[in-house]
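Engineer: Got a structure here, written out as structure tokens. Questions coming.
The values are calculated or read from the model by the stated rules, or taken from the named source; none is laboratory data. These numbers come from a predicted model, not from an experiment. FYI the Cβ positions are ideal-geometry reconstructions off the backbone, even for glycines, and counts take in every protein chain you see. In case anyone asks, the SASA skips ligands and DNA or RNA and just uses the protein heavy atoms, side chains included. Shrake-Rupley method; radii C 1.70, N 1.55, O 1.52, S 1.80 Å.
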Amino acid sequence: MCLINFAYKTDDNYQLIVSANRDEFYNRPTAPASYWNDAKHVLAGRDLEKMGTWMGVTKTGRFAALTNYRDPNENGNKRTRGELVSQFLIKEEHPESYLKNIQLNREQYPGFNLILGDIHSLYFYSNVQNEIILLKPGIYGLSNHLLDTPWPKVQRGKDGIKMCLTNPPSDMKECLFSTLQYADSAPDEQLPTTGISMDWERKLSPLFIKTPEYGTRSSTVLFMNHESVMYTERVYDNGNFEESEFSFKIEG
């Protein structure tokens, strides 16, 4: 993912509400969200190049999502970050224990931000910041820097999810998807400085990215409580989208 907005323990009906966009090169092969043949309890999209994923849930109520930490000087000869999500979903290891093991091997991966947990707890960890954080109730935003770094797209994304929750519409799912569609670039004076060109800072500043070779490939909205999950993904193609929706009761 490249933008994850989420509300944790702020809603009366759902413990976790997520609205997120995945940005990627258009030519990178990807499978849409589904239950995996080799791990049937896992529901997620899949990167068919490295076989990891950027976001997913399990039938036992585990959740994980990932963003890259933007660093144009990063060494590319490292392990794929997508396995950090997929391995957590496949296993049944306690979230904090899993993150402690990742922490020991953090230098094997390019810079990443990882949100993961279960129906009992939710954590954030970045191998750049190198601190395992147990999240408190609140509304959060994450892009390609650390959690809640006030980039314009992060602020707008958090404002969007707050709006949907503060004045609940008749269709919460559509409200959340609509907040992910903002495609205008931020003003130059508000752009971060991350080591890429100003032109690319502009192109990457909207919530919904459109360039000839790279952009927002899919959006996901998740509702989760102690009993059930609703997971909806929209995959984009030339201005259109295909939607897949999954609902299930949490096992165990």
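Engineer: Answer yes if at least one residue in region 202-220 is touching a helix residue (DSSP H, G or I) at 6+ places or on another chain (Cβ under 8 Å), open to solvent by 30 Å² or more (accessible area, probe 1.4 Å) and more than 14 Å from Asn21 (Cβ to Cβ), and no otherwise.
Structural biologist: For region 202-220, residues touching a helix residue (DSSP H, G or I) at 6+ places or on another chain (Cβ under 8 Å), open to solvent by 30 Å² or more (accessible area, probe 1.4 Å) and more than 14 Å from Asn21 (Cβ to Cβ): present.
Engineer: Right, here's the next one. Residues of region 96-128 being farther than 15 Å from Ala64 by Cβ and among the small types (Gly, Ala, Ser), which ones?
Structural biologist: Once the filter is applied, which keeps residues that are farther than 15 Å from Ala64 by Cβ and among the small types (Gly, Ala, Ser), region 96-128 yields only Gly111.
Engineer: Sort out for me the helices (runs of 4 or more DSSP H) sitting completely within region 52-170 that have 1 or more residues that are at pLDDT below 95 and either over 21 Å from Gln181 (Cα atoms) or open to solvent by 50 Å² or more (accessible area, probe 1.4 Å) (or both).
Structural biologist: Numbers: elements: 82-90, 95-104, 152-166.
It comes to 152-166.
Engineer: Then there is this: What are the residues in region 33-48 that are outside any strand (DSSP E or B) and not aliphatic (A, V, I, L, M), if any? Quick ask: steps written out before the conclusion?
Structural biologist: Of all residues in region 33-48, those outside any strand (DSSP E or B) come to 37-38, 48.
Asn37, Asp38 - these are the residues of region 33-48 that are outside any strand (DSSP E or B) and not aliphatic (A, V, I, L, M).
Engineer: Still on this model: Please determine, by comparing only the residues of region 173-185 that are of a type outside the set (Ser, Thr, Tyr) and surrounded by fewer than 19 Cβ atoms within 10 Å (Cβ to Cβ), which one is nearest to Gly117 (Cα to Cα). Lay out the reasoning, then the answer.
Structural biologist: From region 173-185, those of a type outside the set (Ser, Thr, Tyr) are 173-177, 180-181, 183-184; that's our starting set.
Those left that are additionally surrounded by fewer than 19 Cβ atoms within 10 Å (Cβ to Cβ): 173-174, 181, 183-184.
Values: Lys173: 22, Glu174: 25, Gln181: 27, Ala183: 30, Asp184: 33 Å.
So the residue we want is Lys173.
Engineer: I've got another one for you. Does Asp148 meet the test of being over 25 Å from Trp36 (Cα atoms) and acidic (Asp, Glu)? Spell out the reasoning first.
Structural biologist: On the way: over 25 Å from Trp36 (Cα atoms): yes; acidic (Asp, Glu): yes.
Taking the combined requirement at face value, the residue satisfies it.
Engineer: Oh, and also: Of all residues in region 3-20, how many are among the hydroxyl-bearing types (Ser, Thr, Tyr) and open to solvent by 10 Å² or more (accessible area, probe 1.4 Å)? Give the derivation first.
Structural biologist: Pass one, region 3-20, residues among the hydroxyl-bearing types (Ser, Thr, Tyr): 8, 10, 14, 19.
Applying the additional criterion that residues be open to solvent by 10 Å² or more (accessible area, probe 1.4 Å) yields 10, 14.
The total comes to 2.
Engineer: Quick check: is even one residue across region 222-236 open to solvent by 70 Å² or more (accessible area, probe 1.4 Å) and of a type in the set (Val, Ile, Thr)?
Structural biologist: Checked against the condition, which is being open to solvent by 70 Å² or more (accessible area, probe 1.4 Å) and of a type in the set (Val, Ile, Thr), region 222-236 yields no hits at all.
Engineer: A further question follows. Could we say that Leu222 is touching a Cys at 6+ places or on another chain (Cβ under 7 Å), outside any loop (DSSP other than H, G, I, E, B) and not acidic (Asp, Glu) here?
Structural biologist: Details: touching a Cys at 6+ places or on another chain (Cβ under 7 Å): no; outside any loop (DSSP other than H, G, I, E, B): yes; not acidic (Asp, Glu): yes.
Against the criterion (touching a Cys at 6+ places or on another chain (Cβ under 7 Å), outside any loop (DSSP other than H, G, I, E, B) and not acidic (Asp, Glu)), Leu222 does not qualify.
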